[in-house]
Structures are given as structure tokens and as C-alpha cells.
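Since the structure comes first, as C-alpha cells, the remarks are kept for the end.
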Amino acid sequence: MLASQPEFDRLRLLALAETLSPGMTRPDVFARWLEQAPVKAARLLPMVRAELGNRSP
């Protein structure tokens, strides 16, 4: 999900996803993960953005 956002390095995040969970960049595998993930997708990006906003420069 983070790889789809312009402020993140798409290629590096996709490579990380594949390393951590082979096949994760395939739409069917990702869709299955979304269904089973303990965190709800609609909440993840706002939580990440809030955390990034709380960091001091």
C-alpha cells in the first residue's frame, strides 16, 4: 500500500514486500493478504501519515 503513495520509494518498497513475502506484488496474493491482515487497509495510510507528521526534522 505504501508503494502506491507518491511520497514513498515505490521500487524499494515493492522489493521489500517481495523479500518479506514472496508473491506479495501479485494482485491476487495482495488481495488475499488484505482480506486476512490484522490491520484494516483504510486505517493504515492515515496511521503512517500521522506518525510521519509527528517526527521532528
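Compute the helix-to-body angle for 27-36: its Cα long axis versus the longest principal axis of the chain, expressed 0 to 90° and rounded to tens.
70
Quick check for you: with a 1.4 Å probe and neighbouring chains kept, what is the accessible area per residue of the chain, in Å²?
Numbers: 4650 Å² over 57 residues.
The answer is 82 Å² per residue.
Each residue of the stretch 38-43 in turn: what ³J(HN,Hα) in whole Hz from Karplus with 6.51, -1.76, 1.60 and θ = phi - 60°, glycine and Pro shown as x?
Each residue's phi maps through the Karplus curve to give x, 9, 7, 4, 5, 9 Hz.
Quick one: compute the contact order of the chain, relative version, from alpha carbon pairs under 8 angstrom and 6+ residues apart, as a percent.
On the way: 21 pairs, mean separation 12.6, N = 57.
Contact order relative to length: 22 percent.
By accessible area of protein heavy atoms, probe 1.4 Å, what ranking do M47, M1, M24 get, highest first? Numbers along the way, then the final one.
Numbers: M47 85, M1 55, M24 30 Å².
Greatest to least solvent exposure: M47, M1, M24.
Whenever you get a sec, compute what percent of the accessible area on the stretch 1-45 sits on carbon and sulfur atoms (1.4 Å probe).
Details: 2140 of 3500 Å².
Carbon and sulfur: 61 percent of the exposed surface of the stretch 1-45.
For the chain, what class follows from the C-alpha gyration tensor (a ≥ b ≥ c being the square roots of its eigenvalues): rounded when a/c is under 1.5, otherwise prolate if a/b is larger than b/c, else oblate?
Numbers: a/c = 2.52, a/b = 1.46, b/c = 1.73.
Here the chain falls in the oblate category.
The values are calculated or read from the model by the stated rules, or taken from the named source; none is laboratory data. Remember, it's a predicted structure, so these values are computed and weren't measured experimentally. To get the accessible areas, we keep the full protein, side chains included, count just its heavy atoms, and leave off ligands, DNA and RNA. Shrake-Rupley method; radii C 1.70, N 1.55, O 1.52, S 1.80 Å.
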